[in-house]
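Colleague: First the structure, which I've put down as structure tokens, then a few questions once you've had a look.
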Amino acid sequence: MGRPDPEEGQLPAPVKPPDGGWGWIVLLGCFVITGFSYAFPKAVSVYFKELMKDFHVGYSDTAWISSIMLAMLYGTGPVCSIMVNQFGCRPVMLIGGLLASAGMILASFTTNIIELYLTAGVLTGLGMALNFQPSLIMLGTYFDKRRPLANGLAAAGSPVFLSSLSPLGQVLLEKFGWRGGFLIMGGLLLNCCTCGAVMRPLDMGMKKKMGKAQDKYEAKEMLPIGGKSEEGISTTDGTKKGKKAKKKPKKGKKLLDFSIFSNRGFIIYTISKFILVLGLFVPPILLVNYAKDTGVPDTEAAFLLSIIGFIDIFARPACGMVAGLKWVRPHVAYLFSFSMLFNGLTDICSARASNYTGLVIFCVFFGISYGMVGALQFEVLMAIVGSQKFSSAIGLVLLIEAFAVLIGPPSAGRLVDALKNYEVIFYLAGSEVVLSALFLGVASYCCLNRGKKEPPPENNPAVGGGSDTEEAESDVQEAEEHSSNNHQLAHSTDNAVVVANEEANHVAEEQRGEGGGCPAGDGEVLARDGCNADQMVERDSF
């Protein structure tokens with residue numbers, strides 16, 4: 001029996017990431033979400049001076065708005081993971097877009113700084129968190145071979161939006177004031193709902209096609225059975241329901257999968273990422289004040305951040321392309337380690353820069369290394385845990401990073417106030433980044449390479465992360481086993497009918513030998529070879 005087309009009953013091929021097609025639309029949505037998530041907390045700082053005048057507060061009080069946004073973005077990671085595992089990416093992103101927009105709109109009507117913390121800080125920060133994490137999950141679902149490039153392009157949204165939202169915020173502030181600016185910014189955040197709407201689940205259409213094809217396949221196998229087809233189909237349906245009832249507990253998905261902590265690669269990545277975040281964000285935060293203390297004019301000092309952003313725009317996609325090369329991708333963790341080492345050494349070497357030219361050179365190299373880190377951080381995590389457990393992994397990683405974000409930059413600021421020396425801060429931040437790079441490289445080489453030499457235990461999906469193709473093949477293999485069981489049931493039913501027909505022929509021959517012929521009656525069936533057109537055998541004679 002030949003293998004027919006899917007329309008005629010063949011089970012569909014394994015579901016694989018398309019690496020294109022609708023995935024490019026998903027990538028565009030992820031680009032926008034990443035830009036809003038990382039750039040929006042920094043762009044809000046344009047309004048701080050006006051907020052200080054209206055609410056009669058200090059700069060540190062207004063700076064808490066951005067800090068709360070970032071704390072919500074990182075600290076609510078596990079909550080986002082639970083919601084994604086329970087409801088899916090698209091509904092969570094739609095709710096997140098509405099919350100982010102509502103937070104900024106309500107902030108335009110606030111009358112004190114506490115209300116700003118609750119609206120622009122908590123509500124908008126939570127909304128952006130509910131958009132950021134699911135967008136990365138969907139990106140990993142749609143891309144496999146081109147995933148490093150896709151991650152690099154999506155990460156480029158951060159510098160692009162930072163370079164556009166800050167000037168836009170300044171224009172809105174001059175024309176409409178901070179309240180009008182917040183209101184318009186809230187309207188812009190509604191674009192997050194549009195990005196969430198395009199996040200179509202990859203397996204939704206394929207599951208429907210598999211179900212329809214399987215039903216057609218089973219029906220086609222049962223039709224030639226004849227009078228016993230109804231019995232066979234009912235038996236098959238009963239068997240199918242029994243199997244579905246047995247498989248229901250297996251399909252239950254954990255809200256938050258803590259088994260990833262048994263993955264040594266994930267532990268190494270989490271520790272190195274915590275150390276990295278302690279020092280990664282310190283130089284760009286202190287750079288402008290450091291330049292001013294060395295005698296650089298205010299306008300030229302502010303331009304240094306623009307240099308970093310411009311270099312960052314091109315560094316992230318370029319690094320994604322390099323990471324996607326066949327001979328580089330298996331060693332992407334070491335490339336990530338090199339990018340962190342590059343960034344840390346840049347901080348250390350520029351600590352003694354005393355003129356504007358030296359600071360410009362630092363910004364160029366820092367922009368390259370910072371872009372490499374941004375492009376590779378989530379690609380390495382996807383490669384370690386796989387797309388199936390990525391939703392839980394990223395939530396837990398972001399929660400751990402939240403503590404580092406709250407420790408690193410504030411501690412650096414206090415050291416500056418105490419020591420009045422930026423050179424020590426740059427040495428300290430660079431040393432932390434270098435330490436994280438060395439830990440990731442050495443631990444990956446020593447621990448993971450030794451683990452590869454030992455045969456991995458069978459039936460232990462918690463260690464390591466399988467590829468998307470392997471996960472899809474396992475699902476289809478299960479469907480094929482289900483189809484083969486139904487096929488065997490159909491053949492067994494067919495054999496039973498053949499045996500019954502042979503018995504009918506035998507009875508018909510005996511009656512012909514006795515001269516009785518073949519009597520007709522209700523409930524008769526036609527024997528295949530024993531009687532002609534007018535010779536019938538009663539079903540009761542069997």
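The values are calculated or read from the model by the stated rules, or taken from the named source; none is laboratory data. These numbers were taken from a predicted model, which means no experiment stands behind them. So basically every Cβ, Gly included, is an ideal-geometry build from the backbone, and we count neighbours across all protein chains shown. The area values use the complete protein model at the heavy-atom level, side chains included, leaving out ligands, DNA and RNA. Shrake-Rupley method; radii C 1.70, N 1.55, O 1.52, S 1.80 Å.
Colleague: Taking interchain pairs and intrachain pairs at least six residues apart, which have beta carbon atoms under 8 angstrom, with the first residue in the stretch 106-120 and assigned by the TED database to the domain that holds residue 63 and the second open to solvent by 40 Å² or more (accessible area, probe 1.4 Å)?
Modeller: 106/123; 107/115; 108/179; 108/183; 109/179; 113/61; 117/64; 119/106
Colleague: Please count how many residues of the stretch 35-59 are open to solvent by 10 Å² or more (accessible area, probe 1.4 Å) and of a type in the set (Ser, Thr, Tyr).
Modeller: 3
Colleague: I would also like to ask the following. Scan the stretch 341-359 residue by residue and report those that are under 37 Å from the mean Cα position of the chain (by Cα) and of a type in the set (Gly, Ala, Ser).
Modeller: Passing the criteria: 344, 350.
Colleague: Just to be sure I understand, how many residues within the stretch 30-57 are of a type outside the set (Ser, Thr, Tyr) and either out of contact with any helix residue (DSSP H, G or I) (no Cβ under 7 Å at 6 or more places or on another chain) or closer than 30 Å to residue 142 by Cβ (or both)?
Modeller: 15
Colleague: Here is a list of conditions, (1) at pLDDT 85 or above; (2) surrounded by 15 or more Cβ atoms within 10 Å (Cβ to Cβ), and residue 210 meets all of them except one; can you say which number that is?
Modeller: If we test residue 210 against (1) at pLDDT 85 or above; (2) surrounded by 15 or more Cβ atoms within 10 Å (Cβ to Cβ), just (1) comes out false.
Colleague: From 81, 60, grab the single residue that is polar (S, T, N, Q) and farther than 20 Å from residue 139 by Cβ.
Modeller: The unique qualifying residue is 60.
Colleague: Suppose we filter 408, 430 for residues that are crowded, with 21+ Cβ neighbours inside 10 Å, at pLDDT 90 or above and not basic (Lys, Arg); which single one remains?
Modeller: Result of the check over 408, 430: 430.
Colleague: Here's something else I'd like to know. Collect the residues in the stretch 173-186 that are aliphatic (A, V, I, L, M), open to solvent by 10 Å² or more (accessible area, probe 1.4 Å) and at pLDDT 90 or above, keeping them in residue-number order.
Modeller: 183, 184
Colleague: Can you tell me which of 267, 260, 285, 275 is modelled with pLDDT of 85 or more and within 26 Å of residue 350 (Cα to Cα)?
Modeller: 275
Colleague: Can I ask one more? Taking the stretch 405-429 only, how many residues are more than 30 Å from residue 76 (Cβ to Cβ) and of a type outside the set (A, V, I, L, M, F, W, C)?
Modeller: Result for the stretch 405-429: 6.
Colleague: Additional query: So the check is Cβ under 7 Å with 6+ separation or different chains; which pairs have a first residue in the stretch 134-159 that's among the aliphatic types (A, V, I, L, M) and a second one that's open to solvent by less than 10 Å² (accessible area, probe 1.4 Å) and outside any helix (DSSP H, G or I)?
Modeller: 138/199; 150/143
Colleague: Looking at the stretch 64-158, what helices (runs of 4 or more DSSP H) fall wholly within it and have at least 2 residues that are more than 30 Å from residue 383 (Cβ to Cβ)?
Modeller: Helices (runs of 4 or more DSSP H) meeting the threshold: 89-107, 113-116.
One line per residue, one yes/no per condition, for (1) at pLDDT below 80; (2) more than 26 Å from residue 329 (Cα to Cα); (3) of a type in the set (Val, Ile, Thr):
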position: 388; (1), (2), (3): no, no, no
position: 398; (1), (2), (3): no, no, no
position: 401; (1), (2), (3): no, no, no
position: 426; (1), (2), (3): no, yes, no
position: 439; (1), (2), (3): no, no, no
position: 442; (1), (2), (3): no, no, yes
position: 460; (1), (2), (3): yes, no, no
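Colleague: Assuming residue 148 fulfils every condition listed in (1) open to solvent by 10 Å² or more (accessible area, probe 1.4 Å); (2) closer than 30 Å to residue 330 by Cβ; (3) of a type outside the set (Lys, Arg) apart from one, which condition is it?
Modeller: (1) is the only condition that residue 148 fails.
Colleague: Just to be sure I understand the filter: pairs with C-beta atoms under 8 Å, separated by 6 or more residues or on different chains, first member in the stretch 64-80 and of a type outside the set (Ser, Thr, Tyr), second member surrounded by fewer than 23 Cβ atoms within 10 Å (Cβ to Cβ) and not in a helix (DSSP H, G or I). Which pairs pass?
Modeller: Partner pairs satisfying both residue conditions: 78/256.
Colleague: Given (1) touching a Phe, Trp or Tyr at 6+ places or on another chain (Cβ under 8 Å); (2) more than 23 Å from residue 182 (Cα to Cα), identify the lone condition not met by residue 47.
Modeller: (2)
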